[in-house]
Amino acid sequence: MGMLPDEIKPAMQGVIPAHVVTCSLDGTPNVSVISQVYYVDSDHVALSYQFFNKTTKNIRENPHAVVWLISPETFESWDLEIEYDHSETSGPVFEAMDMQIEAIASMTGMKGIFKLKAADIYRVKSARKAVGERIPLFQIKELRGAA
Amino acid sequence: MTAEGQPGVDLREQMAENEKVIEKLNLALAKKTNEVRIIQQISSEITSTLELDRILDIVLGAMDRTLGFRHAMILLKDQAEEKLRLFASRGYEQSGTGPVVNYGDGVIGVVAKRKKMMRVGNIGVSVSYLNAVRVRMQETGELDQAATAAALPGLPNAQSQLAIPLLVKDRLIGVLAVESPKPNAFDELDEMVLNIVANQAATAIDNARMYQTVEQLSRLKRFFSPQLAELIVAGGAEDPLKTHRREITVVFLDLRGFTAFAETSEPEEVMGVLRDYHAEMGKLVLAHEGTLERFTGDGMMIFFNDPVPVPNPAERAIQMAVAMRDRVKELSAVWRKRGYDLAVGVGIAQGYATIGGIGFEGRWDYGAIGTVTNLAARLCGEAKGGQILVSSRVAGALEEMIEVEELGPLVLKGFARPVPAFSVLRLKPTA
């Protein structure tokens, strides 16, 4: 039994965008909205890497992150503590994400322009259904910078 | 008591909980059993027919009625190109066939290209997101010209799509797709069910198409040479028996002296001569990839550039005609020894004609109709033994290839004004 229960799967279809919280080495936090957190297996998720942005920059400095998910069916929130593990540029996970991006790109006139650079694979350290309030970020020491 | 009572409460709760789980499992099991039964039924139905339309109908019917997929479509791979064509659909305002999906376009096109299943539940969000990215990139100058968005068949407001490649071994036959205006409409169980249906359907569709090809081939072989029939089928061209218009080069030929010969000879002798003549001319028609429209006694009509287009129809026609003239000369030498004086006359013209199946059920011919066929026939009628007469169009087109003698305008039946004609003396030696 891994960290991610089956009931979390609907929240990982990208119907409601997710939030990713990362932190730079100097302790500056960043929250960004991403279109989808992909389910890899019960202990791993994947984020798509298309552009180099604040999230990707932070993750390369500090691999710890928190994602906030919302289930489109129940509107329950899920909080996941994750840690960057590795990036994949081939294989079934990359291909499934790449296919989806290629399909949507062709539907928006972005064929060949909007591409998946890599599938960033994260290990899930904890997953909990947030009741009432979100995960208290200040309690996660990894997100307070390395200093 | 507390020591005994407490576990009792826990046990009751646990039992109630277990019952709920068991009930849930039973429901899931019943659903699964039902699905297995449905799939078995679909499978036995579609493997019992070789009619493509019937197979598609059974699959889509079952999808809707028994599996609960309200919007489903089946696209099949084009025989020649990397494209899919919508063959059948259910649950759409406009049903039927037609739209084409290029490989790599939309969920269905990408599934065809990669030969892998895809399930998307957030099309609306993803499209809005990418549109926003595109606008931003255009504003910052990172993107000057966006490609045009692919036009795709299906629901205009689809949020979820599940598309499965129809594969036989590793060969793509087509794509089976279901969609929904609701987000996250499909799950892993739907994937599993559709995968099984797709596997069965792929084999059945492939068999039906193979059977269709064989049938079409045997039908076409009645009209065209075997090679030509295969070429037509392999090219995935439109049915050539449907009426169409195309520029062709028409060759008419018949034997001078044949009427007199037929009148004075025994029918067996006449048939013998015709058999030799037809056999020899037939070989030359095949060798030059001409289409033999018909035999009428000693007459033959052959055309070029249809049903399979060729780059040089007039050239082929002349080469064939000259070869025929030479061959008939050799045959004539044999015939003369038996006392028959026969020579071939040929007429060639080029132009647009209406072409297609002509006739009635049980007796169809492949025919061409138009001024061009009349002109070729009339020129043939004017040709003396051993003469090849061509229209000015053909003579002009083949100036480099043939030496001609201008005959001056001929008054021909069916033509209001005199028609210039040229007699082909010989092929110019190739440089």
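The values are calculated or read from the model by the stated rules, or taken from the named source; none is laboratory data. Predicted, not measured: the structure shown is a model, and the values here were computed from it. Methodologically, a virtual Cβ is constructed for each residue, glycine included, from the backbone with ideal geometry; neighbour enumeration extends over all protein chains shown.
Consider region A:9-40 and keep the residues that are within 13 Å of chain B (Cβ to nearest Cβ) and assigned to a strand (DSSP E or B). The one that is surrounded by the fewest Cβ atoms within 10 Å (Cβ to Cβ) is A:33. Within region B:129-168, the set of residues being within 22 Å of residue A:72 (Cα to Cα), among the hydroxyl-bearing types (Ser, Thr, Tyr) and modelled with pLDDT under 90 comprises B:129 only. Would you say residue B:378 is basic (Lys, Arg), under 30 Å from residue B:260 (Cβ atoms) and touching a Phe, Trp or Tyr at 6+ places or on another chain (Cβ under 9 Å)? For residue B:378, the condition - basic (Lys, Arg), under 30 Å from residue B:260 (Cβ atoms) and touching a Phe, Trp or Tyr at 6+ places or on another chain (Cβ under 9 Å) - is met. Across region A:74-118, the number of residues qualifying as among the aliphatic types (A, V, I, L, M), more than 7 Å from chain B (Cβ to nearest Cβ) and either assigned to a helix (DSSP H, G or I) or surrounded by fewer than 20 Cβ atoms within 10 Å (Cβ to Cβ) (or both) comes to 6.
Considering each residue of region B:364-385 in turn, none proves to be within 25 Å of the chain's Cα centre (by Cα), free of Cβ contacts under 8 Å to residues at least 12 places away in the same chain and closer than 19 Å to residue B:291 by Cβ. Taking helices (runs of 4 or more DSSP H) as the structural unit, no element lying wholly within region B:253-347 holds at least 3 residues that are at positive phi. Test residue B:149 against the criterion of being surrounded by fewer than 20 Cβ atoms within 10 Å (Cβ to Cβ), within 11 Å of chain A (Cβ to nearest Cβ) and of a type in the set (A, V, I, L, M), and give yes or no. When the stated conditions are applied, residue B:149 passes them.
What residue, of B:259, B:249, is touching a strand residue (DSSP E or B) at 6+ places or on another chain (Cβ under 7 Å) and of a type in the set (S, T, N, Q)? After ruling out the rest, the residue left standing is B:249.
Taking the criterion of being in contact (Cβ under 8 Å) with a residue 24 or more places away in the chain, within 14 Å of another protein chain (Cβ to nearest Cβ) and either farther than 20 Å from residue B:206 by Cα or surrounded by fewer than 23 Cβ atoms within 10 Å (Cβ to Cβ) (or both), the residues of region B:83-109 that qualify are B:102, B:105, B:106, B:107. Of the residues making up region A:32-54, those that are under 17 Å from residue A:14 (Cα atoms) and either out of contact with any Lys or Arg (no Cβ under 7 Å at 6 or more places or on another chain) or among the small types (Gly, Ala, Ser) (or both) number 13.
Does residue B:177 meet the test of being within 14 Å of chain A (Cβ to nearest Cβ), under 19 Å from residue B:110 (Cα atoms) and in contact with a Gly (Cβ under 8 Å, 6 or more places away or on another chain)?
Against the criterion (within 14 Å of chain A (Cβ to nearest Cβ), under 19 Å from residue B:110 (Cα atoms) and in contact with a Gly (Cβ under 8 Å, 6 or more places away or on another chain)), residue B:177 qualifies.
When the residues of region A:41-58 are narrowed to those that are among the small types (Gly, Ala, Ser) and surrounded by 19 or more Cβ atoms within 10 Å (Cβ to Cβ), which ends up farthest from residue A:69 (Cα to Cα)? Write out each step before concluding.
In the first step, residues of region A:41-58 are kept if they are among the small types (Gly, Ala, Ser); the result is A:42, A:46, A:48.
Within this subset, residues satisfying the condition of being surrounded by 19 or more Cβ atoms within 10 Å (Cβ to Cβ) are A:46, A:48.
Values: A:46: 13, A:48: 16 Å.
Here the answer is A:48.
Among the conditions (1) within 14 Å of chain A (Cβ to nearest Cβ); (2) surrounded by 15 or more Cβ atoms within 10 Å (Cβ to Cβ), the only one that residue B:67 does not satisfy is (1).
Filtering region B:118-135 for residues that are within 17 Å of residue B:176 (Cβ to Cβ), more than 10 Å from chain A (Cβ to nearest Cβ) and in contact (Cβ under 8 Å) with a residue 60 or more places away in the chain leaves an empty set.
If you go through region B:251-266 and keep only what is loosely packed, with under 15 Cβ neighbours inside 10 Å and over 44 Å from the mean Cα position of the chain (by Cα), you end up with B:260, B:263, B:264, B:266. Only one of the numbered conditions (1) in a helix (DSSP H, G or I); (2) in contact (Cβ under 8 Å) with a residue 12 or more places away in the chain; (3) over 30 Å from residue A:108 (Cβ atoms) is violated by residue B:60, and that is (3). For region B:333-355, filtering for residues that are under 25 Å from residue B:390 (Cα atoms) and crowded, with 19+ Cβ neighbours inside 10 Å leaves 11.
Given the criteria closer than 25 Å to residue B:125 by Cα, out of contact with any Pro (no Cβ under 6 Å at 6 or more places or on another chain) and at pLDDT below 90, does residue A:100 qualify? Judged against the criteria, residue A:100 is not a match. In this structure, residue B:72 does not satisfy being within 9 Å of another protein chain (Cβ to nearest Cβ) and either in a helix (DSSP H, G or I) or at negative phi (or both).
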